[in-house]
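Input: a single structure, listed below in structure tokens.
Throughout, read-outs are computed from the coordinates displayed, never taken from laboratory work. Everything numeric here is computed off the predicted structure, so don't read it as measured data. Positions of Cβ are backbone-derived with ideal geometry, glycine not excepted, and every protein chain shown enters the neighbour counts.
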Amino acid sequence: MDKKELAEFLRYRRETLRPRDVGLVEGSRRRTQGLRREEVAQLAGMSTDYYARLEQQRAPQPSVQITAALARALRLTLDERDHLFVLIGHNAPARFHRSEHVSPTLMRVLDRLDDSPAMVQTDLFDTLAMNPVAVALLGDQTRHTGLARSGYYRWFMDPTERLMVPEESHERHGRAQAARLRAALTAGSDTPRAARILAELQEHSPEFVRMWELQEVAQRYDDCKTIFHPELGRIDVDAQLLYTENRAQTLVVLTTRPGTESHSKLELLSVIGHQQLTP
């Protein structure tokens, strides 16, 4: 790890970002040029002390996961991300068509959405980034690992995934998941992983096998859907989508119709975040 070059690179990248670039409020009494260290640490999901020691050349080598989180927090391009990996002493991730690195364009839009749930997802239904309102509505979907990162896999293998969808919609939702996996299998950004998900589901989920045999194919996200929040109940949302050029990543923005009960519930969530509403 090149501690000196890493410290200078992190400091420079931090100082060139403004709070508005990452969706933070820029106060009038701000004395720090660019982002504060604690703000970068918060965006990367690490302690302020650890990040400060990186800039002070005193920290041990970050893991691959922390390195990737730093790249996202600092809004690095792919070239800058690869440079960061080299400075830290890791091999840069391979640049396949599919990338774990969130598109900077989608990330800039996501940063500016603070009153509507929004998230960046891959064509395998992996959630790469979420804003706070989305976490409050759906829970942190970025925490999953392995095949469970895919929402297609979780729908058929994890019973808790179904708690967010009204029971009367389970059949339609499951068929949509199978249809979208079929599209990802033949024309997606990571067909080998799609094939692994398919093999696991065919072996362990009779429900999936039944829906797979329908031979349905779809790439479309559900435009209208109902989400069941554990404390606020049913919330009807409309989905607006923004794709990257290669369609490997999608920014999904969930909105509600003004004047409806669902709109009032979403406004409440945007204010209180993920705080528990009842004892």
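Of note:
- Overall Cα dimensions of the range 156-235, principal axis frame, Å, largest first: 39, 26, 22
- Ala183-Arg108 FRET efficiency (beta carbon distance; Förster radius 25 Å; 0.05 resolution): 0.35
- Per-selection Kirkwood Rh - the range 107-224 (Cα, Å, 1 d.p.): 14.9 Å
- Protection-proxy order for peptides 17-24, 60-67, each taking the mean of Cβ atoms within 10 Å per residue, highest first: 17-24, 60-67
- For the chain, the mean residue ellipticity at 222 nm estimated from helices alone is -13000 deg cm²/dmol, where every DSSP H run of n ≥ 4 contributes -39500 (n - 2.57) and the total is divided by all residues, rounded to the nearest 500.
- Relative to the current alpha-carbon distance between Glu26 and Gln65, full extension at 0.36 nm per residue lengthens the span by 11.2 nm.
- Its Cα gyration tensor gives the range 68-148 an equivalent ellipsoid, and the semi-axes of that ellipsoid, as √(5λ) in whole Å with the largest first, are 23, 15, 11.
- When the GluC sites (Glu not before Pro) in the range 138-216 are filtered for DSSP coil states and for at most 16 other beta-carbon atoms within 10 Å of their beta-carbon, the remaining sites are Glu213, Glu216.
- Cleavage-rule hits (trypsin sites (Lys or Arg not before Pro)) in the range 45-115: DSSP loop, at most 13 neighbouring Cβ within 10 angstrom: Arg58, Arg95, Arg112
- Cross-link reach list, aspartates and glutamates versus Lys225, counting only Cα pairs under 16 Å and skipping chain neighbours closer than eight places: Glu161, Glu167, Glu168, Glu171, Asp236, Asp238, Glu261
- Gained length - Glu15 relative to Ala92, 0.36 nm times residue gap less alpha-carbon distance: 25.3 nm
- Contact order relative to length of the chain, as percent, for alpha carbon pairs under 8 angstrom and 6 or more apart: 17 percent
- Here the simple spin-label model places points 7 Å from the Cα toward Cβ, and for Arg175 and Ala218 these points are separated by 0.8 nm.
- Label corresponding to P(r) over Cα pairs in 5 Å bins from 0, in percent when calculated from the structure given, among (1) 1, 5, 10, 12, 10, 7, 6, 4, 4, 5, 6, 6, 6, 5, 4, 3, 2, 1, 0, 0, 0; (2) 1, 5, 11, 15, 16, 15, 13, 10, 7, 4, 2, 0, 0; (3) 1, 6, 14, 18, 19, 16, 12, 8, 4, 2, 1, 0, 0: (2)
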